[in-house]
Amino acid sequence: MPNPAEKYQDIRDAVRDLCAEFPDEYFREVDARRGYPAEFVDALTRAGWLAALIPQEYGGSGLGLTEASIIMEEINRAGGNSGACHGQMYNMGTLLRHGSEAQKKQWLPRIASGELRLQSMGVTEPTTGTDTTRIKTVAVKKDGRYVVNGQKVWISRVQHSDLMILLARTTPLDQVRRKSEGMSIFLVDLREAVGKGLTVRPIPNMVNHETNELFFENLEIPEENLIGEEGRGFGYILDGLNAERTLIAAECIGDGHWFVDRVTKYANERIVFGRPIGQNQGVQFPIARAYVNVEAASLMRFDACARFDAHEPCGAQANMAKMLAADASWEAANACLQFHGGFGFACEYDVERKFRETRLYQVAPISTNLILSYIAQHVLGLPRSF
Ligand SMILES: Cc1cc2nc3c(=O)[nH]c(=O)nc-3n(C[C@H](O)[C@H](O)[C@H](O)COP(=O)(O)OP(=O)(O)OC[C@H]3O[C@@H](n4cnc5c(N)ncnc54)[C@H](O)[C@@H]3O)c2cc1C
């Protein structure tokens, strides 16, 4: 079968069956009350889907990124939003690749079973934005502990997580040779930290995404929660981004298919001027174009996955997949909203909800401009602009 999209039907069917238990009304109601789809995430966890990437020796299913991407795609294609839980799938990658054997044995089996949720990763800060090497959150070693002070913003799922991966500066910027040095990664036990040095302030937002401002005031982290070597944390974070970007590309592909399926059905059924609106080429072509672009993005996603699973460099492919998929889902979203006419704006059609949800991926976890800048500099060899 030449197109990998047609493979893995068993995974697609199983995830679709689970998602069928959570129909549109469920997500609509959660969105309306700005809630968290706890029952849905619990069901995915119980079924083991979020432990797909954890090796079997630590209690996961040991699947590749290709299979994991199918799981995320199907969740969004069914009308759900993987943004509520995708962190549980990929945040543990930092621990898996750079943690000690003792740390992996301590944490991974309990993450795999769902007993512990590692849904959060704290990188972004209010005053530095995408310029990550300038982060101001510091961790200072003192008496067998690290003491953390600083602030983070847009840190997702903290209220529904037991653990968080945290990036903090351990050597001041003016004392390192390269600005990417001197940052470290920690595993923060949120159950102990919140209220004892860590304050969490939720950010109400457009997409009903559980995300927060974090304030660190002398938060103490045990020394053994440092992951890997002190000072090398920025590289560890970058290592994990390819998986994150590829999985989010898959979510956008799922969204894209959802929009195309919905608008195709509607355009076949809606009669105006005595014929289905879908009979007009002015309606057909934007839908067909969006479909073409979703399919093309899907192939780039599989290229990124295959390279990742073969342990080959895949930074360019992961970034390109994320950009193509986010653009394609946004194009599909616009066609879907447009051809639903006024009904696209009614909550009961779910188009406006999915429209808001998929818009996020033009900005997070990395904005389109920053992807273009990466391709220009690292793939094409154009001069560095910042
Ligand atoms: C709902 C949501 C959830 C999030 N969850 C997390 C999370 O869990 N953990 C986490 O660490 N972060 C999270 N983020 C943060 C997210 O990764 C950042 O918002 C994103 O990377 C953009 O950074 P910024 O908001 O600081 O934008 P800025 O860096 O301030 O940039 C603003 C705009 O300017 C553009 N820009 C900036 N510099 C350049 C340049 N040199 N050339 C061209 N264009 C440029 C950018 O592309 C962007 O469009 C989340 C964000 C949102 C909205």
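Quick note: the coordinates plus some simple rules give every number you see, no bench work behind them. Not measured: the values here are computed from a predicted model. Here Cβ is always computed from backbone atoms with ideal geometry, including for glycine, and neighbour counts include all displayed protein chains.
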**Message:** Need the list of lysines near Lys265 for cross-linking: C-alpha distance under 21 angstrom, and skip anything on the same chain fewer than eight residues off.
**Reply:** Lys354
**Asked** If packing is taken as the mean number of other Cβ atoms within 10 Å per residue, what is the order of 371-380, 216-225, highest first?
**Response** 216-225, 371-380
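So between Thr130 and Lys7, what do we pick up on full extension, going 0.36 nm a residue minus the alpha carbon distance? Could you put the intermediate results ahead of the total?
Working: separation 123, 0.36 × 123 = 44.28 nm, distance 3.66 nm.
Length difference between fully extended and current span is 40.6 nm.
Out of all DSSP beta bridges with both ends in the chain, state the antiparallel percent to the nearest 5.
Taking every DSSP beta bridge with both residues in the chain, the antiparallel ones total about 85 percent.
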**Message:** Need one number: nm distance between label points at Ser61 and Gln279, each 7 Å from Cα along Cα→Cβ, rounded to one decimal.
**Reply:** 4.5
**Simple label model, 7 Å out from Cα along Cβ direction - Gln377 to Val272, nm** = 4.6
**Request:** Please report the Cα spread of the stretch 120-231 along all three principal axes, rounded to whole Å, starting with the longest.
**Result:** 41, 29, 22
**Item:** Principal axis dimensions, largest first and in whole angstrom, of the chain by Cα
**Value:** 79, 48, 40
**Item:** Dimensions in Å of the stretch 4-113 - Rg and Dmax from alpha carbons
**Value:** 14.6, 44
**Prompt:** With contacts defined as alpha carbon pairs under 8 Å and 6 or more residues apart, what's the relative contact order of the stretch 120-231 in percent?
**Reply:** 31
**Message:** Based only on other Cβ atoms within 10 Å, what is the fewest-to-most ordering of Ser329, Ser69?
**Reply:** Ser69, Ser329
**Prompt:** Based on the alpha-carbon gyration tensor of the stretch 94-150, what equivalent-ellipsoid semi-axes (square roots of 5 times the eigenvalues) come out, in whole Å, largest first?
**Reply:** 26, 17, 11
**Complete:** Scaled by the rule-of-thumb 2.2 N^0.38 Å, the alpha carbon Rg for the stretch 193-233 gives a ratio of 1.55
**Prompt:** What is the Cα centroid distance between the stretch 50-91 and the stretch 148-178, reported in whole angstrom?
**Reply:** 24
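Could you work out the helix-only [θ] at 222 nm for the chain, with each DSSP H run of four or more residues adding -39,500 (n - 2.57) and the total divided by the number of residues, to the nearest 500 deg cm²/dmol?
Working: 13 runs with 179 residues, N = 386.
Mean residue ellipticity, 222 nm, calculated: -15000 deg cm²/dmol.
How big is the Rg/Rh ratio for the stretch 235-379, C-alpha atoms only, Rh by Kirkwood, two decimals?
Values: Rg = 16.9 Å, Rh = 15.9 Å.
Rg/Rh for the stretch 235-379 comes to 1.06.
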**Request:** Under 28 Å Cα to Cα from Lys104, which lysines show up? Leave out anything in the same chain fewer than 8 places away.
**Result:** Lys141, Lys142, Lys152, Lys196
